[in-house]
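K.L.:
Could you have a look at this structure, given as structure tokens, before my questions?
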Amino acid sequence: MHFHFCYFTVTNASPSLFPLTPCDPGSGDTVTLGCLAQDFFPKSATFQWTSTSNSNTQVDSQQFIFSQQDVSKFTGVSVISVPRSKALSYNCSLTHPAGNKNVPVQYAFSPPSVTLLSESDGEKQVLVCSIENFAPKKVSISWKKNNNNVDNVKSFEPMKDGDVYSAASIFKVNKTEWDSKAVYTCDVTHAGQNYIKKASKASLTVTLNPPNPKAMFVNKRAELKCVVTGPDSSIVSKTKIQWYIDEQPVTNNISESNDAQTKTSTLIQHFDDWKKVKTVKCSATREGMAPITKSLNVNRGMPSKFNGISFESNKCTSTEYMFVIKMIILISVFQFEVCIFHINCKSLSGKGTSTVEVLTPSTIKGDSVTLVCLVTSTELQDYYIAWSEASGHDHGVYNDGLNLPPQKINNGYQVSSFYTISKDKWSKKIKFSCNVWPAGSDEKMKPHDVSSFSGNSCECD
């Protein structure tokens, strides 16, 4: 009897690693990402996922390893399921006896979050179409009035925020046109998808305005207005307005005024009382009508002091915190100037970093200049923003801008304030300041200045 033996040697084979991403945007709240390992031996292999924004945190995953037709080689697949809003950039690594590999897995699509806000500004109604957290960068914004295209709008180029972008478009409407109950539409096109938001004046509107920034800076008190408007002055005048603070009725420090089609109730709270308030409500009622209630949550973010350490002195609490102020001078659609102020608090030691960046416009177009103060933080917090103009030794007076409520962005929250001046005023020796008072602080922050004659520099605290 003869025996025949076959001798063969299988050597270790290093894997090839490839990213796997969806071919189309898809739908739903989650996105599945994967990576593929091919042609490796032995079978023993371990996948691991981390976010590029936080490499210390592992992401839960599933892995599958199976033999190829060539039994001496193996193929492995690992997948993760992550929230769509966070499915932007991850790192897939493979540990294997023949050599470790890693590959970035980037999801290049993030659908935009579109919000259409309406704010009154004197004789104008300002419509602000905010487009947040989208990728890729290319986006198209158009406006319609009663399904007819309009072109007298001001749109701003997308700004990058981490792996996603944000953009905005502003349409100012005359009060007479707004009162006609015309329907205004902001139409956003991104990656072949349309996102439509509409706004119009209702028959009876109740608006609860946040504290007036000018009153906060000048008088150190909160002035809130509950405004009821409607086409029928008799209905508006008979409407009763009731205030509530932290669910308790309020009857003191309230005044009312009436106009033809507007009724305004003003509530005043001195600063020491206001800093304890959590929620404010105003309710408009009339006979035969269900109450219309508007509420306002006061977001104070981080406490202004922690163990005697003051936030305004750029000291930090034990919680890691980042606070960023950006002042942008929007000269035209494509030309702007930006001042960025960073406070990056890392520990209770009080050591922080501050950075200022200024971009100077090459030309000025149009008859007006819009200053935009953007306040960004990792925590949800309200900010009272007022503007001031000063020349020479004159410290100037505070003026109100057009302030928008906090908006959620990729890595935190953002508050915007718009202040429009004439081109002629911008060219003079006037210093314009954005003054910011965090709702969670006992004191205002140092003003952030800009002008056309001083190199448009900003100072950091």
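K.L.:
With part of a strand (DSSP E or B), more than 17 Å from Y184 (Cα to Cα) and aliphatic (A, V, I, L, M) as the only criterion, which of V71, V128, V77 stands out?
P.N.:
V77
K.L.:
Here is a further query. Would you check if T57 is farther than 29 Å from Q407 by Cα and in a strand (DSSP E or B)?
P.N.:
no
K.L.:
Does V114 satisfy the criteria of being in contact (Cβ under 8 Å) with a residue 12 or more places away in the chain, assigned to a strand (DSSP E or B) and more than 15 Å from the chain's Cα centre (by Cα)? Write out each step before concluding.
P.N.:
Values: in contact (Cβ under 8 Å) with a residue 12 or more places away in the chain: yes; assigned to a strand (DSSP E or B): yes; more than 15 Å from the chain's Cα centre (by Cα): no.
Judged against the criteria, V114 is not a match.
K.L.:
If you don't mind, there's one more thing I want to ask. Output yes when any residue across region 76-90 is out of contact with any Gly (no Cβ under 9 Å at 6 or more places or on another chain), over 29 Å from T32 (Cα atoms), in contact (Cβ under 8 Å) with a residue 40 or more places away in the chain and buried (at least 16 other Cβ atoms within 10 Å of the Cβ), and no when none is.
P.N.:
No: region 76-90 contains no residue that is out of contact with any Gly (no Cβ under 9 Å at 6 or more places or on another chain), over 29 Å from T32 (Cα atoms), in contact (Cβ under 8 Å) with a residue 40 or more places away in the chain and buried (at least 16 other Cβ atoms within 10 Å of the Cβ).
K.L.:
Something else: Residues that are of a type outside the set (A, V, I, L, M, F, W, C) and over 27 Å from M445 (Cβ atoms): find the helices (runs of 4 or more DSSP H) completely inside region 202-301 holding 2 or more of those.
P.N.:
233-237
K.L.:
Please go through (1) within 19 Å of G122 (Cβ to Cβ); (2) buried (at least 17 other Cβ atoms within 10 Å of the Cβ); (3) of a type outside the set (D, E, K, R) for S433 and return the number of the only condition it doesn't satisfy.
P.N.:
(1)
K.L.:
Another one. Kindly establish whether N219 is modelled with pLDDT of 90 or more, closer than 22 Å to K263 by Cβ, in the same structural domain as H270 (by TED's automatic domain parsing) and polar (S, T, N, Q).
P.N.:
no
K.L.:
I'd like the full set of residues that are surrounded by fewer than 17 Cβ atoms within 10 Å (Cβ to Cβ), charged (D, E, K, R) and either in contact with a helix residue (DSSP H, G or I) (Cβ under 7 Å, 6 or more places away or on another chain) or not in a helix (DSSP H, G or I) (or both), limited to region 173-196.
P.N.:
K181
K.L.:
If I ask for residues that are more than 18 Å from P211 (Cα to Cα) and surrounded by fewer than 12 Cβ atoms within 10 Å (Cβ to Cβ), which ones from region 260-287 would you list?
P.N.:
A260, E287
K.L.:
Could you grab me the full set of residues in region 407-440 that are closer than 30 Å to S113 by Cα, in a loop (DSSP other than H, G, I, E, B) and at pLDDT 85 or above?
P.N.:
The answer is A439, and nothing else.
K.L.:
When residues of region 134-173 are filtered for being acidic (D, E) and without any contact (Cβ under 8 Å) to a residue 40 or more places away in the chain, how many remain?
P.N.:
1
K.L.:
Residues that are more than 37 Å from the chain's Cα centre (by Cα) and in contact (Cβ under 8 Å) with a residue 40 or more places away in the chain: does region 57-72 have at least one?
P.N.:
Yes, region 57-72 contains a residue that is more than 37 Å from the chain's Cα centre (by Cα) and in contact (Cβ under 8 Å) with a residue 40 or more places away in the chain.
K.L.:
At pLDDT 80 or above, surrounded by fewer than 17 Cβ atoms within 10 Å (Cβ to Cβ), closer than 26 Å to N212 by Cα and not aliphatic (A, V, I, L, M), is that true of S368? Before the answer, list the steps.
P.N.:
Working: at pLDDT 80 or above: yes; surrounded by fewer than 17 Cβ atoms within 10 Å (Cβ to Cβ): yes; closer than 26 Å to N212 by Cα: yes; not aliphatic (A, V, I, L, M): yes.
So S368 fits the description; yes.
K.L.:
Out of all the residues in region 147-158, which are part of a strand (DSSP E or B) and of a type in the set (A, V, I, L, M)? Write out each step before concluding.
P.N.:
Narrowing region 147-158 to residues part of a strand (DSSP E or B): 148-150, 154-158.
V150, the sole residue that qualifies.
K.L.:
Something else: Determine which member of the set K138, K144 is part of a strand (DSSP E or B) and basic (K, R).
P.N.:
K144
The values are calculated or read from the model by the stated rules, or taken from the named source; none is laboratory data. Quick caveat, the model's predicted, so the values are computed rather than measured. Using ideal geometry, Cβ is built from the backbone for each residue, glycine included, and neighbour counts are taken over all protein chains shown.
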